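Undergrad: Following this message is one structure expressed as structure tokens.
Just so you know, all these numbers are worked out from the coordinates, no wet-lab data involved. The shown structure was predicted, so the numbers you read here are calculated from the model rather than taken from an experiment. Heads up, the Cβs are rebuilt from the backbone with ideal geometry, glycines too, and the neighbour counts pull from every protein chain shown.
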Amino acid sequence: MALNPVVHAVTERIAERSRQPRELYLKRTQAAYGKKVERSQLGCTNLAHAFAAMPAREKGLLKEISKPNLAIVSSYNDMLSAHQPLAAFPAIIKQAALELGATAQFAGGVPAMCDGVTQGQTGMELSLFSRDVIAMATAIALSHQMFDAAVYLGVCDKIVPGLLIGALSFGHIPAIFIPGGPMTTGISNDEKSKTRQLFAQGKIGRAELLESECQSYHGPGTCTFYGTANSNQMLMEVMGLHLPGSAFITPNTPLRDALTRAAAQQAIQITAQTSSFTPVAEVISEKTIVNGIVGLLATGGSTNHTLHLVAIAQAAGIAINWDDFSELSAIVPLLARVYPNGQADVNHFHAAGGIGLVIAELLDAGLLHENVKTVSGPGLRRYTHEPYLDRETLKWRPVVAQSQDRNVIRPVNEPFSPDGGLKLLNGNLGRAVIKVSAVKPEHRVIEAPALVFHDQNELLAAYKKGDLTRDFVAVVRFQGPRANGMPELHKLTPTLSVLQEQGYKVALVTDGRMSGASGKVPAAIHVTPEALAGGPLARIQNGDMLRVDADTGELNVLGPADWITRPLAQPDLSAHQTGFGRELFASARGHAGAAEQGASLFQHPDWTMAEMFK
């Protein structure tokens, strides 16, 4: 199938926009290529330090200066369900390396925050910045010049993007991402959502709510809804950084362990010492980034990736912006309905055909670049296969030819929606993104007076007082990266949903985040420029008439006429500057880029931000 002309045009535009920084990045990376193992550059004293504590067999192999050595970089901790299974992975990886006459060392750990735990809490103000901390921790782990390839153990929201950004700073080293897998299915998402709404209405108490949540989040593995964590796993597949079909295999199963073992051995087999050398700098290309955007749109994935994919691309010398997302969204059909965009969870999605079937549909429709490098070899078509165990032998077979549940996955010619449901909003309030996959058509255009809040708790307090029984656009501002770290505002979702169901016209406009759980209420998020940076959002007052139009892509103040001449609001943000570690992130808040620039702390010397919008 010929490549879709819009996919081709967007890819060409990205390549042209990125020409200079990409060339400089690849030039730096290629200068580090070599056929000898990395540790051959170290002196004897350096080497002795690097393997002093290794077992005798591994120490002997490391002394030889001939066989590759594999880095393990992990986000393991045993508090978070998604990361707890990773405890067993290093032993499997080390044994797999030894079977090939190579070695593996645990190079370093990276922090792993859970937005599910910090949701609505102070810790959420550190969450987005943790991505760049993880990237720096990854770079430190790889800094010892001991490693010829790396495997990355991470799953959730900021962890995978942070690991990949760090990996790209060592672009000459091959990289394979090894997922932990989702927990088994708990109570239905519909039942969980209803319980949350009942609690928001005061009809049930905390004990009933907690019991419901415990029946949903009940064991090892990733949360099963399709938020940022599981969007990460989809991206690692469609971008060719996983072994095929490995994203949604549940933890602590023979197939999961077999895939971990195979990933470690594949990483060794694509080092510079082999004929299949595949550095991560060449896996992540302009085509790969476009494939990631297409996969995100086709599955209704998390809006957080309108930040993360931008930052990942920058780390590889590639400049993308929200125009690219929006243009692709217009021609990429929605092929999956996974909660919060439907009732199924990721286990149901996987059983219906999963990522492999979605990739096959998109390839056959000319919506993905097939001729890309992957960690499994050349060409994305191999990602239309699924793993299985033939007794104890890991094998792959073609995925099912058609969806096993058309309520969860549909073909390109009969999609849930003809577009990807992610749109750019633009107007006199700035630029923003809106996800409409779960928003009914009758709720996609809202014209109503503004109600301004500087904290999501202010809105919740107004609801409890009965002040929100009206049509309104909630403006929750000073929630951007520079103001308070750009926290997610999920606490608003149940309340706004209740008001919408009561017949009121409601929408949200914010320079904060909502991620993959933005739900059925229209939400213009990531508004750029943010209020603290002088964005128009800082001039809005209660009663101003706003229009949020997801159909035409409009985000405007309609009146009064003199709104633009008002002075900028000057909020007191002192409460967000200290306590719970926030004082350690003052420089991060001061240097964070805008949302459309990835909200990154890193300065990229090879191009100016103006070039991102060519």
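Undergrad: Can you pull the one-decimal nm distance between simple spin-label points at Q502 and T552, each 7 Å off the Cα toward Cβ?
TA: Distance between label points: 3.0 nm.
Undergrad: Using label points projected 7 Å from each Cα along Cα→Cβ, tell me how many nm separate L573 and N371, to one decimal.
TA: About 4.7 nm separates the two model spin labels.
Undergrad: Mark the label point 7 Å from the Cα of I204 along Cα→Cβ and return the residues of region 461-500 whose backbone N is within less than 19 Å of it.
TA: Flagged as within label range: 491-499.
Undergrad: Let me ask something else about it. Can you give the angle from 0 to 90° between the axis of helix 19-30 and the longest principal axis of the chain, with both taken from C-alpha atoms, to the nearest 10?
TA: The two axes meet at around 30 degrees.
Undergrad: Short version: what are the Cα gyration tensor semi-axes of region 254-409, square root of 5 times each eigenvalue, largest first, in whole Å?
TA: Whole-Å semi-axes of the equivalent ellipsoid: 25, 24, 13.
Undergrad: Towards the positive end of the charge dipole of the chain, with charges on Cβ (+1 Lys, Arg; -1 Asp, Glu), say which of H591, T138, M236 has the farthest Cα.
TA: Positive-most Cα among the choices belongs to T138.
Undergrad: Moving on. Where does each of F248, F199 land when they are ranked from fewest to most other beta-carbon atoms within 10 angstrom?
TA: So the residues, fewest neighbours to most, are F199, F248.
Undergrad: Still on this model: Taking R0 as 30 Å, what's the FRET efficiency between K35 and D390 from their Cβ-Cβ distance, rounded to 0.05?
TA: 0.25
Undergrad: For the charge dipole of the chain, defined by +1 on Lys and Arg C-beta atoms and -1 on Asp and Glu C-beta atoms about the Cα centroid, which residue among A175, A330, A9 has the Cα displaced farthest towards the positive pole?
TA: A175
Undergrad: I140 to K440: FRET efficiency via 1/(1 + (r/R0)^6), r the Cβ-Cβ distance, R0 41 Å, to the nearest 0.05?
TA: For R0 = 41 Å, the calculated efficiency reads 0.30.
Undergrad: Tell me the mean residue ellipticity at 222 nm calculated for the chain from its helices only (DSSP H runs of n ≥ 4, each -39500 (n - 2.57), averaged over every residue, nearest 500).
TA: Calculated at 222 nm, the ellipticity per residue is -10500 deg cm²/dmol.
Undergrad: Angle, helix 189-200 long axis vs. longest principal axis of the chain, Cα atoms, 0 to 90°, nearest 10?
TA: Here the helix axis deviates by roughly 50 degrees.
Undergrad: To the nearest 0.05, how large is the calculated FRET efficiency for R406 and T45 if R₀ is 56 Å and r is the Cβ-Cβ distance?
TA: E(calc), rounded to 0.05, equals 0.30.
Undergrad: Treating the beta-carbon of each Lys and Arg as +1 and of each Asp and Glu as -1, no other charges, what is the dipole magnitude of the chain about its Cα centre, to the nearest 20 debye?
TA: Value, rounded to 20: 940 debye.
Undergrad: Per q in 0.17, 0.22 1/Å, what log10 I(q)/I(0) does a Debye calculation on the alpha-carbon atoms of region 305-354 return?
TA: Per q value, in the given order, log10 I(q)/I(0) is -0.73, -0.86.
Undergrad: Once Rh is set to the Kirkwood radius over Cα pairs, what Stokes-Einstein translational diffusion coefficient, in µm²/s, holds for region 520-582 at a temperature of 37 °C and a viscosity of 0.692 mPa s?
TA: 237
Undergrad: Which angle from 0 to 90°, rounded to the nearest 10, does the C-alpha axis of helix 305-315 make with the longest principal axis of the chain?
TA: 40
Undergrad: I'd like the Kirkwood hydrodynamic radius of region 116-238, using the inverse of the mean 1/r over distinct C-alpha pairs, in Å.
TA: One over the average 1/r among Cα pairs gives 16.6 Å for region 116-238.
Undergrad: Could you give the distance between the Cα centres of region 395-427 and region 444-522, to the whole Å?
TA: For region 395-427 versus region 444-522, the Cα centre distance is 29 Å.
Undergrad: Any idea what % of Cα-Cα pairs in region 422-574 are farther than 26 Å?
TA: That fraction is 15 percent.
Undergrad: Determine ³J(HN,Hα), in whole Hz, for all residues of region 88-103 in sequence, where each value follows from phi through the Karplus function 6.51 cos²θ - 1.76 cosθ + 1.60 and θ = phi - 60°; x replaces Gly and Pro.
TA: Values, residue by residue: 7, 5, x, 5, 5, 5, 5, 5, 4, 5, 4, 5, 9, x, 10, 9 Hz.
Undergrad: Out of F89, I312, G534, whose Cα points farthest toward the positive end of the dipole of the chain (charges: +1 Lys, Arg; -1 Asp, Glu; placed on Cβ)?
TA: Toward the positive end, the furthest listed residue is F89.
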